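This report refers to the structure that appears directly beneath it.
The values are calculated or read from the model by the stated rules, or taken from the named source; none is laboratory data. Predicted model, so just to flag it, every value in this text is computed and none were measured. Cβ sites come from the backbone with ideal geometry, for glycine too, and all protein chains shown count toward neighbours.
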Amino acid sequence: MTKINFMLLLVVSWCGSCTTTNISKYYYDNKPTLDKIDKSYKLEYGSRPFSLEFIDKSFKNISIEIFTDSLKYIYVFKEDESRLKDTLLKYHITYKAISELLSNMRTVHCNWINNLDYYVDKKKNSLVFMSIRPLGLHFPFKRKKYYILTYFAQPQYYDREGRLLDKRRLRKIRKINEDVFKRINDKVAYTLSDRYR
Amino acid sequence: MQVYALPDISVDTTPTSTREEALAILAKIQTLKPSKKWPNVDPGLFLQNIKSNIVSPLSLYEGSNTNFCGYAALSYLPLHDDPVRYLKFMLQLYEQGNGKYGDAFLNPVNEIHQAAGTLKFKGTLDIRHADQMWFLTLADHFKGYVNFFNKNYQPGDENTFWASVNYAKFNRMVRKLFKYEVSTKGSDLLHPGIKDLYVYIQSQLTSPGTTVLYLNNAYLYKKKHNTLRPGIPTHYVILLGMFKINNTITITYWDYGFRSLREVSPAFLKKIVFGVTHCTKNTSHD
């Protein structure tokens, strides 16, 4: 094996293993903000279900989906638009809380936050789903990957390789949006996905 | 059990019935025995799902990240216009493993019988076992050119081309299953050649019947930040309302599980719409 081939092999294997390190590092570097986002989202969601999204790369335009008993309203705003405040007021959502949430999301490059329902033994459970658009080098023609973090309400089961399981006994791997998730801690799991929602 | 024996209907008319009639039939069924044909379908969840579909048809849900939207869209028709036929067919399918619906004899293969009730991590669809049976059976029976390379179900195919529905297949399913008069404008690759799309859709919406839009989902629900997005339609929704103020169009549509309302520009509407299908009940015996 020539020197160049050996170097290439080294780079390829390093890239394969650095994904986990990157996400874990990202999570622990931003843990206080991410935890704050999870907490404040759950609090506001409890009074009015909604999801929040930055629709552009510059984190200036947002889309909010607000759920009422009969309809899901989908709005698109510029963040500084006065219509945002009026709309939130109409649905009894605290503007200050959303404004803080958006600011925290921007700080950690989180471009989508949502509540997902899932079922274990016919019982409904919920998790908070966050998509993060990692900054850094992006090679042309390479599919952009998003970091996805899931915040569960209860500790989860994982296999020896750290993969999220459906149930402890069945040892079936739980997929969310067709992605396999891995452990960061008992309640937080991650994956890399080519789509953010 | 004769309660679900399907009545004969005339060849060219759209059968109709009411929600009350369907609920009266359902009230006579307290419990169901586990089905020998569908080993993984929970009888309690099956009954609960059917009742929920009849009482609130808009609660039907395609499941997260599946390709079942075409089948979910067409379910709007029987659940609103002929719930008795839907109920009787589902009970027959549960009991016998197959059944005739309209002009189609739906006889799913064993892999489908085994798969229904096992779909997981799809949101509410996880516990909607009747919907799993219905979607899988339709996808197994009806084939279009998009299904050419993947015709036989393998676990996980609910998210693949196996379950996809191209425009011609969708319209064919509505005609064959429910005997509606179906008028169509559009295709899988090109936008419909309609001068004023808003006026056209509005005219469809205000005439009797149900209007289905065939849309580009990559624009409707953006999932990536790619500058280039596939310019092909992949999603069906039932249009429920539409109005225009100044240059803003507000559309209300059924997107499975929920009714959604959003504001779009006329240019955006033109960009996302690839097909407009209008389904009306056939009442003549021509």
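Tabulated values for the structure
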| item | result |
| --- | --- |
| Residue list for the range B:167-181, filter: closer than 14 Å to B:I238 by Cα and among the aliphatic types (A, V, I, L, M) | B:V174 |
| Pairs with Cβ under 8 Å, 6+ apart, first in the range B:41-65 and over 20 Å from B:I29 (Cβ atoms) and within 12 Å of chain A (Cβ to nearest Cβ), second hydrophobic (A, V, I, L, M, F, W, C) and surrounded by fewer than 19 Cβ atoms within 10 Å (Cβ to Cβ) | B:L58/B:F258; B:S64/A:L116 |
| Meets criteria (more than 18 Å from the chain's Cα centre (by Cα), on the phi < 0 side of the Ramachandran plot and surrounded by 14 or more Cβ atoms within 10 Å (Cβ to Cβ)) for B:L32 | yes |
| Selected residue (only one of A:Y73, A:Y91, A:Y146, A:Y118 is among the aromatic types (F, W, Y) and over 29 Å from B:F268 (Cβ atoms)) | A:Y118 |
| Test result for A:L127, surrounded by 14 or more Cβ atoms within 10 Å (Cβ to Cβ), closer than 30 Å to B:W254 by Cβ, without any contact (Cβ under 8 Å) to a residue 60 or more places away in the chain and assigned by TED's automatic domain parsing to the domain that holds A:A189 | yes |
| Residues of the range B:68-97 satisfying the condition of being free of Cβ contacts under 8 Å to residues at least 40 places away in the same chain and in contact with a strand residue (DSSP E or B) (Cβ under 7 Å, 6 or more places away or on another chain) | none |
| The range B:158-181: number of residues that are surrounded by fewer than 20 Cβ atoms within 10 Å (Cβ to Cβ) and assigned to a helix (DSSP H, G or I) | 7 |
| Residues that are acidic (D, E), within 10 Å of another protein chain (Cβ to nearest Cβ) and not in a strand (DSSP E or B), drawn from the range A:174-197 | A:E178, A:D194 |
| Every pair of residues 6+ apart whose Cβ atoms lie under 9 Å, when the first sits in the range B:120-141 and is within 21 Å of B:N110 (Cβ to Cβ) and away from every other protein chain (no Cβ under 13 Å) while the second is β-branched (V, I, T) and in a helix (DSSP H, G or I) | B:A130/B:I50; B:D131/B:T124; B:M133/B:I112; B:L136/B:I112; B:T137/B:I112; B:A139/B:I112; B:D140/B:I112 |
| Number of positions in the range A:136-156 that are more than 26 Å from B:L119 (Cα to Cα) and either within 12 Å of chain B (Cβ to nearest Cβ) or modelled with pLDDT of 95 or more (or both) | 7 |
| Count of the range B:210-234 residues which are crowded, with 18+ Cβ neighbours inside 10 Å and within 16 Å of B:Y253 (Cβ to Cβ) | 11 |
| Scan of the range A:66-83 for residues that are more than 8 Å from every other protein chain (Cβ to nearest Cβ) and under 16 Å from A:Y45 (Cα atoms), ordered by number | A:I66, A:T68, A:D69 |
| Residue in the range A:49-56 that is in contact with a Phe, Trp or Tyr (Cβ under 6 Å, 6 or more places away or on another chain) and under 26 Å from A:L192 (Cβ atoms) present | yes |
| Matching residues, the range A:33-58, being within 14 Å of another protein chain (Cβ to nearest Cβ) and among the polar types (S, T, N, Q) | A:S51, A:S58 |
| Strands (runs of 3 or more DSSP E) lying entirely in the range B:193-273 (those with 3 or more residues that are touching a residue at least 40 places away in the same chain (Cβ under 8 Å), among the hydrophobic types (A, V, I, L, M, F, W, C) and more than 11 Å from every other protein chain (Cβ to nearest Cβ)) | B:210-215, B:235-245 |
| Residue check for A:Y28: over 19 Å from A:Y196 (Cβ atoms) and touching an Asp or Glu at 6+ places or on another chain (Cβ under 8 Å) | no |
